[in-house]
Amino acid sequence: MNLFEIFLKGGFIMWLILATSIVGLAVVIDRFLVLRKARINVPAFMVRIRGFIKKKDISGAISYCMEEKSPVANIVRKGLKKYKYGHDRVKEAIENAGSQEISKLEKGLTILATVAGIAPLLGFLGTVTGMIQAFMTIQDLAGAANPSDLAGGIWEALITTAFGLIVGIPALAFYNYFLSAVKRLVGEMETVANDVVDVIQEGEAEEAEIDDEIEL
Amino acid sequence: MNFSYKKIKQISYSASFLAHLIIILLLWIINLSFDYSPKEYVEVSFGISGQTGSAGAIGDQLNKTEENAKPEEKTTTKEKSQEVKEVELPKSKTTDDNNVINPADKQKEVQKETKKENTKKETSNVSNQGQGNLAQGEGSFGFDIEWGGSGTRRIYYYTLPEYPEGVQKEIDIRIRFTIKPDGTVGSVTLLTKADTRLEQAAINSLWQWRFEPLPPNAKQTNQTAVIVFPYRLR
């Protein structure tokens, strides 16, 4: 017996499970690509950005952020655009951009979580309906069903559970993996953002000191 | 930011679709079979007489073939030589109780059968000595089947060899034969050397035997059994 024939024996619930599987895998690939691009070498990036800001080369820093093409660089760029309005505005802009970026990174993870939950449940539904059918046939046969009739109905019913779990288990694993990856990225974003704000603040303070000295 | 989320989304959805197509193709290719390999040596048992035995998965088919097989059996065992030579019928070694009906029941059945035949005999003038074989074996048939290991193959149809004319010999002819998956007899090997006419008679009748085919989910292999045709003068 062909595995695909076994698949067909599961009935129409199998197609629903296949659909959840397609959506789930699509989300997994999507998140994988997005998160791989989002990953950057944070210390190196920080060193470069600090250099630019200390030299007051804001346009240089912005263009460097454009090159980096990662969410971290993106929020730093958005913050640096408000450089001339002071560090409070920079912080505000970074926070705004940060929440935007996080929502972009987390997009689809709820779908993945739903797939992880729904696929096994669909499988159970298929099994229960299959069992109902099997027992109905036994009733139709007026109890004269031989064990093979019963077993046939039952194994066909159990296929949906098996496939539901096959889809659900990796989906759950990937969901947790991506969740932790996003958490790590958010942490990196926070450290970078704080660092940038700190550096700008330091710069402002130095300027103020110089101004004070001149005034004195 | 240069890379667009939309593009990635499109790419990933198409990739997912493709991957599932590939998975389905793989499912198509992979042949998951719950095959079990049958024993190489088999015990041969008589499914044809058993209403009491467990019919197994293909019990219904069995009963049908039984009905078909029985009349044939009668015709083929007729036409015995008129001499008092014949194949004696020792007890079959079939010990599997599940597949063989109780000897008492069987004897009754056989007796009934022979009674019927006796009435027939009177009307038709065919010498029907061979038919007596069935009654003689005390509920079993005229051959010994040896086997190694367990596993059973029911017999759907069988014929007994006639004692060829012009031979005066008492000998047990042992034949090793294979049963093909479809229940027909495959290769036949003589284990005892005897008169060629006896050998031929034994082999010719063995060729006509039909066994229960292997169930479709079993591995389709030949099974080996050894049968003994004891030729006895009377």
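Inside segment B:195-214, can you point out the residues that are surrounded by 14 or more Cβ atoms within 10 Å (Cβ to Cβ) and either within 14 Å of chain A (Cβ to nearest Cβ) or of a type in the set (A, V, I, L, M, F, W, C) (or both)?
Those that are surrounded by 14 or more Cβ atoms within 10 Å (Cβ to Cβ) and either within 14 Å of chain A (Cβ to nearest Cβ) or of a type in the set (A, V, I, L, M, F, W, C) (or both): B:L198, B:A201, B:A202, B:I203, B:L206, B:W209, B:F211, B:L214.
Tally up the residues in segment A:139-198 that are of a type in the set (G, A, S), more than 30 Å from A:I40 (Cα to Cα), away from chain B (no Cβ under 14 Å) and exposed (fewer than 14 other Cβ atoms within 10 Å of the Cβ), please.
Keep residues of segment A:139-198 that are of a type in the set (G, A, S), which gives A:142-145, A:148, A:151-153, A:157, A:162, A:164, A:168, A:171, A:173, A:180-181, A:187, A:193.
After this cut, where a residue has to be more than 30 Å from A:I40 (Cα to Cα) as well, the list is A:142-145, A:148, A:151-153, A:157, A:162, A:164, A:168.
The next check asks that each one be away from chain B (no Cβ under 14 Å); those that pass are A:142-143, A:153, A:157, A:164, A:168.
Right, trim to exposed (fewer than 14 other Cβ atoms within 10 Å of the Cβ) and you get A:142-143.
Qualifying residue count, segment A:139-198: 2.
I'd like to check something: does segment A:117-127 contain any residue that is within 14 Å of chain B (Cβ to nearest Cβ), touching a residue at least 24 places away in the same chain (Cβ under 8 Å), of a type in the set (G, A, S) and buried (at least 21 other Cβ atoms within 10 Å of the Cβ)?
Yes; the residues of segment A:117-127 include at least one that is within 14 Å of chain B (Cβ to nearest Cβ), touching a residue at least 24 places away in the same chain (Cβ under 8 Å), of a type in the set (G, A, S) and buried (at least 21 other Cβ atoms within 10 Å of the Cβ).
Residue-wise test of (1) over 30 Å from A:A73 (Cβ atoms); (2) at pLDDT below 90.
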{"site": "A:A116", "(1), (2)": "yes, no"}
{"site": "A:T137", "(1), (2)": "yes, yes"}
{"site": "A:A142", "(1), (2)": "yes, yes"}
{"site": "A:G153", "(1), (2)": "yes, yes"}
{"site": "A:L165", "(1), (2)": "yes, no"}
{"site": "A:Y175", "(1), (2)": "no, no"}
{"site": "A:V196", "(1), (2)": "no, yes"}
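So which residues in segment A:90-106 are touching a residue at least 24 places away in the same chain (Cβ under 8 Å), surrounded by 18 or more Cβ atoms within 10 Å (Cβ to Cβ) and not acidic (D, E), if there are any at all?
Result: A:V90, A:K91, A:I94, A:G98, A:L105.
Just a yes or no: is a residue in segment A:73-83 polar (S, T, N, Q) and surrounded by fewer than 19 Cβ atoms within 10 Å (Cβ to Cβ)?
No, segment A:73-83 contains no residue that is polar (S, T, N, Q) and surrounded by fewer than 19 Cβ atoms within 10 Å (Cβ to Cβ).
One line per residue, one yes/no per condition, for (1) surrounded by fewer than 16 Cβ atoms within 10 Å (Cβ to Cβ); (2) modelled with pLDDT under 60; (3) farther than 30 Å from A:K104 by Cβ; (4) within 14 Å of chain A (Cβ to nearest Cβ):
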residue	(1), (2), (3), (4)
B:S4	yes, no, no, yes
B:A15	no, no, no, yes
B:L18	yes, no, no, yes
B:I22	yes, no, no, yes
B:L25	yes, no, yes, yes
B:S37	yes, no, yes, no
B:S54	yes, yes, yes, yes
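Just checking: which of the helices (runs of 4 or more DSSP H) contained wholly in segment A:1-89 hold 1 or more residues that are free of Cβ contacts under 8 Å to residues at least 40 places away in the same chain, farther than 30 Å from A:L172 by Cβ and more than 9 Å from every other protein chain (Cβ to nearest Cβ)? Walk me through how you get there before you give the answer.
Working: elements: A:3-9, A:12-38, A:42-54, A:58-68, A:71-81.
Once the helices (runs of 4 or more DSSP H) in segment A:1-89 are filtered for at least 1 residues that are free of Cβ contacts under 8 Å to residues at least 40 places away in the same chain, farther than 30 Å from A:L172 by Cβ and more than 9 Å from every other protein chain (Cβ to nearest Cβ), what remains is A:42-54, A:58-68, A:71-81.
Kindly indicate the residue of segment B:168-189 that is modelled with pLDDT under 80 and in a loop (DSSP other than H, G, I, E, B) and also surrounded by the most Cβ atoms within 10 Å (Cβ to Cβ) among those meeting that condition.
So, considering only residues that are modelled with pLDDT under 80 and in a loop (DSSP other than H, G, I, E, B), the one surrounded by the most Cβ atoms within 10 Å (Cβ to Cβ) is B:K169.
The values are calculated or read from the model by the stated rules, or taken from the named source; none is laboratory data. Keep in mind the model is a prediction, meaning the values are calculated, not measured. Reconstructed Cβ throughout: ideal geometry from the backbone, glycine too, with neighbour counts over all protein chains shown.
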